[in-house]
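A quick write-up on the structure given underneath.
Nothing in this text is a laboratory measurement; each read-out follows from the coordinates by a stated rule. Everything numeric in this text was worked out from a predicted model, so none of it was measured. Every residue, glycine among them, receives a Cβ derived from its backbone with ideal geometry; neighbour counts consider all protein chains shown.
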Amino acid sequence: MKLYVLTLFFASTTILFGQKPDSLTVSQIKRLEEIATQDVPKNAPGIATGIVSNGQIIYEKVAGFADLKDSTLITKDSRFNIASNGKQFTALAILVLIDEKKIKLTDDIRKYLPTIYSKINSKITIENLLTHTSGIRDVYDLWSLQGFTWWKYTFSNKDVLRLIEKQEELNFKPSTKYLYSNTNYILLAMITEKVTGKSFVAYTNDLFRKLNMPNTSFEDDYTKIRGPIAKAYFNFDTWKNYNWIWNVYGDGNIFSTLADQIRWEQILQGQVKCDIKRQIIEKSQQLTDYSSIKNYGYGLEFSTYKGLNYTFHEGATGAWKATVIRFQSKNTSIVTLTNTGKATPNTQTRQMADVVFNLKSNDTYLVTKPTKIGNFVSEEDMIGLYQTDDNFTFQFEKRDSILYLKRIGRNDVKLEREADNILHQTFDPDFKQEFKKNGKGEMTVTAYYTSHSPYTLTKHIYDWKGFNYQALKGKFINSETNVSVEIKFISDKSYEVKIGDKNSTKGLLISPTKLLVDNYVFDIDNNSTLFLSSDRIQRVKFLRVN
């Protein structure tokens with residue numbers, strides 16, 4: 001049975017296949033409709049989403065426009081950029097090569113890419129790339145450090161290799177930590193090309209042919225991307241499209257359709273056959289063989305959602321976003337593709353899971369407020385700088401008798417007291433802050449909210465007596481990126497910092513050896529060396545030149 005629903009507010013199609021009385025109820029279908037279309041207003045880009053259970057499509061929805069200029073509607077055959085969701089297919093290509101005994105998980109990547117990291121003695125394996133345990137820095141963060149807005153350029157994998165060839169150090173010793181880095185999967189694509197003698201696009205196109213996914217392909221030449229494309233749109237008072245001129249591949253830059261992505265889920269669930277060995281397909285959904293990392297495997301993250309084990313991945317590049325979540329114990333997958341900057345498919349897809357599995361609201365599974373009121377803490381004792389081990393920072397200060405929370409890159413938040421040791425945001429009371437001392441006698445603050453688990457920051461008090469604030473001023477250079485950092489002292493613990501060609505910005509000295517600048521943290525070594533860290537680049541070394 002097929003049911004088509006057309007609304008007056010936006011173009012949309014709902015298809016329910018093989019519905020059984022005990023699968024989705026009428027109320028569930030109605031709620032799924034609301035979730036799928038919540039960010040698709042009239043005359044707007046939209047969404048393509050589907051639910052596959054035991055190999056059957058139990059729900060499918062498309063809504064909105066693929067092209068606002070010619071009023072082309074999104075269909076299940078519209079091609080979206082699914083971004084990092086393509087990592088699972090890069091990993092599949094590696095698994096096929098392993099099965100053919102052309103490579104091994106334990107191979108050092110410099111066997112195939114001998115021009116990189118010649119000064120690193122530690123082994124960097126193919127498995128390290130797959131599981132993001134290589135320590136290799138993310139090229140997008142390196143480009144950002146250099147001042148490049150990456151999507152304004154037509155970079156290629158050759159540009160990636162040239163940048164990585166200049167890197168002499170890693171974020172950390174391989175196999176000791178997990179840190180997501182797109183570079184890992186770009187290098188996997190390069191290794192695939194070295195081993196096969198084919199372009200990565202040609203090699204993976206053959207894999208997609210074997211999977212019967214004819215409208216899925218990585219792209220290495222933006223001028224040759226096949227249609228029909230669901231063009232990406234942001235909304236700044238009006239919907240605005242932009243030109244896609246990107247040629248880097250392996251980590252993403254893969255275009256696909258809802259129809260192809262649903263077929264992939266049906267293959268994974270064992271109900272549709274393909275020309276790739278079943279054991280390879282099954283292996284692709286497991287953790288790798290030798291890694292101690294248990295949260296990332298072959299292009300997939302492993303975690304739990306409201307008590308259910310699941311695998312998932314998110315993809316985002318500009319206004320194109322994609323999410324896939326798989327509950328293996330229930331043999332059910334949910335896929336969402338969007339071409340609108342307004343949509344949040346990571347949230348929407350999980351909301352759909354709530355409906356399908358009758359799961360309760362977030363606050364049922366999360367601690368969203370303090371369990372009890374503690375000892376009274378004065379505002380004077382609350383004031384100060386609090387940090388996590390990874391340098392996430394809260395700063396509490398008092399202005400005109402009002403307490404404010406300051407966070408780097410965020411607007412200041414006005415607070416008010418709720419109880420003896422508990423504050424909350426004035427205009428969002430669900431955001432609570434609980435103050436108490438830990439076992440070391442240090443003041444801590446724990447932040448609570450309805451959408452995340454609590455996290456705790458610790459107040460650090462340093463002895464600044466006799467500290468020379470002027471000693472840090474000067475110019476520093478990183479040879480791996482040719483980026484300079486210039487620092488000028490302003491007053492107290494404030495500095496003016498200029499990174500490369502970017503405009504100067506404010507830096508805050510939060511300890512005698514740590515300077516915060518926008519989203520960067522500089523660790524200071526005797527005022528002669530700075531180590532810059534951000535999300536996906538760690539301890540990038542800058543040496544003083546004057």
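Looking at the chain, send over the antiparallel percent of its DSSP beta bridges, to the nearest 5. Intermediate values should be presented prior to the final figure.
Values: 114 of 117 bridges.
The antiparallel proportion sits near 95 percent.
Suppose R0 equals 35 Å; then what is the FRET efficiency for Glu165 and Asn295 from their Cβ-Cβ distance, rounded to the nearest 0.05?
On the way: r = 30 Å, r/R0 = 0.85.
Working from the Cβ atoms, E equals 0.70.
Which GluC sites (Glu not before Pro) does region 378-443 hold that lie in a coil by DSSP with at most 16 other beta carbons within 10 Å? Present the calculation step by step, with values, prior to reporting the outcome.
Working: sites: Glu379, Glu380, Glu397, Glu416, Glu418, Glu434, Glu442; in loops: Glu442.
When the GluC sites (Glu not before Pro) of region 378-443 are filtered for loop state and at most 16 Cβ neighbours within 10 Å, Glu442 remain.
Could you state the number of Å between the C-alpha centres of region 42-103 and region 297-344?
11 Å
If a/c stays under 1.5 just call it rounded; otherwise compare a/b with b/c (prolate if a/b is bigger, oblate if not). Do that for region 195-345, with a ≥ b ≥ c from the square roots of the Cα gyration tensor eigenvalues. Mind dumping the intermediate values first?
Values: a/c = 1.77, a/b = 1.26, b/c = 1.41.
Note, shape of region 195-345 comes out oblate.
When the Karplus curve 6.51 cos²θ - 1.76 cosθ + 1.60 is applied with θ = phi - 60°, which whole-Hz ³J(HN,Hα) does each residue of region 39-53 get, with x for Gly and Pro?
With the stated coefficients, region 39-53 comes to 10, 10, x, 4, 6, 9, x, x, 8, 9, 9, x, 10, 10, 9 Hz.
Tell me, His132, His424 in order of fewest to most beta-carbon neighbours within 10 Å? Could you put the intermediate results ahead of the total?
On the way: His132 25, His424 20.
Fewest to most other Cβ atoms nearby, the residues stand as His424, His132.
Could you give each residue of region 257-271 its phi-based ³J(HN,Hα) in whole Hz, using Karplus coefficients 6.51, -1.76, 1.60 with θ = phi - 60°, and x for Gly or Pro?
10, 4, 4, 5, 5, 5, 4, 4, 5, 5, 5, 4, 7, x, 9
Per residue of region 240-255, in order, report the coupling 6.51 cos²θ - 1.76 cosθ + 1.60 (Karplus, θ = phi - 60°) as ³J(HN,Hα) in whole Hz, putting x for Gly and Pro.
Ordered by residue, 3J(HN,Hα) equals 10, 8, 9, 7, 9, 10, 9, 10, 6, 9, x, 7, x, 6, 10, 9 Hz.
Please report Asp289, Asp237 as a ranked list, fewest other C-beta atoms within 10 angstrom at the top and most at the bottom. Please list the in-between numbers first.
Values: Asp289 11, Asp237 5.
Final ranking by Cβ density, sparse to dense: Asp237, Asp289.
Can you tell me the 0 to 90 degree angle between the C-alpha axis of helix 87-99 and the longest principal axis of the chain, rounded to 10?
It works out to around 70 degrees.
Dividing the alpha-carbon Rg of the chain by 2.2 N^0.38 Å yields what?
Values: Rg = 25.4 Å, N = 546, 2.2 N^0.38 = 24.1 Å.
With N residues counted in the chain, Rg over 2.2 N^0.38 Å equals 1.05.
For region 323-364, which trypsin sites (Lys or Arg not before Pro) are both in a DSSP coil and crowded by at most 12 other Cβ atoms within 10 Å? Before the final figure, lay out the partial values.
Details: sites: Arg326, Lys330, Lys342, Arg350, Lys360; in loops: Lys342, Lys360.
Within region 323-364, the qualifying trypsin sites (Lys or Arg not before Pro) (loop, at most 12 other Cβ atoms within 10 Å) are Lys360.
Arranged by the count of other C-beta atoms within 10 angstrom, fewest first, what order do Asp428, Asp220 take?
Numbers: Asp428 11, Asp220 19.
Listed from fewest to most nearby Cβ atoms, that is Asp428, Asp220.
Aspartates and glutamates within cross-link reach of Lys277: Cα-Cα under 17 Å, excluding same-chain residues under 8 positions apart?
Here the aspartates and glutamates satisfying the reach criterion relative to Lys277 are Asp99, Glu100, Asp206, Glu265.
So which of Lys459/Lys541; Lys61/Lys321; Lys231/Lys321; Lys102/Lys166; Lys473/Lys498; Lys406/Lys506 end up more than 19 Å apart, counting from Cα to Cα?
On the way: Lys459/Lys541 27 Å; Lys61/Lys321 16 Å; Lys231/Lys321 12 Å; Lys102/Lys166 28 Å; Lys473/Lys498 11 Å; Lys406/Lys506 14 Å.
Violating the 19 Å Cα-Cα cut-off are Lys459/Lys541; Lys102/Lys166.
Could you work out the relative contact order of the chain, using alpha carbon pairs under 8 angstrom and six or more residues apart, expressed as a whole percent? The partial results should precede the final answer.
Numbers: 1145 pairs, mean separation 75.5, N = 546.
Contact order relative to length: 14 percent.
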